[in-house]
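The values are calculated or read from the model by the stated rules, or taken from the named source; none is laboratory data. What you see is a predicted model; the values in this text were computed from it and never measured. All Cβ positions, glycine included, derive from the backbone under ideal geometry; neighbour counts span all protein chains shown. Accessible surface areas use protein heavy atoms only, side chains included; no ligands, DNA or RNA. Shrake-Rupley method; radii C 1.70, N 1.55, O 1.52, S 1.80 Å.
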Amino acid sequence: QVQLRESGGGSVQAGGSLRLSCRVSGYVHPWYIAWFRQAPGKEREGIASINVNGLTAYADSVRGRFTISGDMAIYALDLQMNDLNPEDTAIYFCAAAKAWDLGQPLYEFAYAYWGQGTQVTVSS
């Protein structure tokens with residue numbers, strides 16, 4: 001069975017940094033792995049993705065502050081989050097897709113496999 005597991009969430013003051021990790025296990029060969037987040041009262045938002053060719057995509061809300069990286073040979077990725085602010089407070093989810101090409105890599109419905117999420121809380 002396919003499983004995704006996030007780690008690295010926690011609490012940090014505004015301006016601080018956190019590094020999230022995602023590990024994919026099981027007999028799956030995803031071409032895309034992405035990070036999504038959902039804050040209370042808001043829709044789930046795709047914030048960063050990476051594919052097997054190293055192509056990355058970012059949401060405007062995190063561009064320049066967050067960096068996604070990974071080893072797609074073992075389906076492991078990290079999300080380095082810098083200059084965090086209270087608006088970044090959310091549950092962060094890792095997701096994987098097996099599609100060979102995604103024209104909209106931050107579209108949540110393209111992803112079939114999801115982790116349970118990890119809480120990130122940023123205080124002012």
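Scanning the range 94-124 for residues that are of a type outside the set (Gly, Ala, Ser), within 14 Å of residue 33 (Cβ to Cβ) and either in a strand (DSSP E or B) or free of Cβ contacts under 8 Å to residues at least 12 places away in the same chain (or both) returns 94, 113, 114. Quick one: in the range 6-24, which of the residues that are more than 16 Å from the chain's Cα centre (by Cα) and among the polar types (S, T, N, Q) is least open to solvent (accessible area, probe 1.4 Å)? Applying the filter and picking the extreme gives 11. Looking only at residues of the range 25-44 that are open to solvent by 70 Å² or more (accessible area, probe 1.4 Å) and farther than 18 Å from residue 117 by Cα, we find that the one that is nearest to the chain's Cα centre (by Cα) is 31.
Considering 101, 83, 60, the condition of being more than 24 Å from residue 10 (Cβ to Cβ), over 13 Å from the mean Cα position of the chain (by Cα) and modelled with pLDDT of 95 or more is satisfied by 60 alone.
For the range 19-60, the tally of residues that are among the acidic types (Asp, Glu) and in contact with a strand residue (DSSP E or B) (Cβ under 9 Å, 6 or more places away or on another chain) stands at 1. The residues listed here are 68, 47, 91, 74; of these, the one that is open to solvent by 50 Å² or more (accessible area, probe 1.4 Å), part of a strand (DSSP E or B) and closer than 16 Å to residue 6 by Cα is 91. Annotation note: Cβ proximity below 6 Å between a residue of the range 45-72 that is without any contact (Cβ under 8 Å) to a residue 24 or more places away in the chain and a residue that is open to solvent by 50 Å² or more (accessible area, probe 1.4 Å) and assigned to a loop (DSSP other than H, G, I, E, B) (sequence gap 6+ or interchain) occurs for 52/31; 65/82; 65/83. Only residues that are of a type in the set (Lys, Arg) and within 21 Å of residue 98 (Cβ to Cβ) were counted in the range 19-70, giving 2. Among the residues making up the range 50-64, those that are open to solvent by 40 Å² or more (accessible area, probe 1.4 Å) and assigned to a loop (DSSP other than H, G, I, E, B) are 52, 53, 54, 55, 60, 61, 63, 64.
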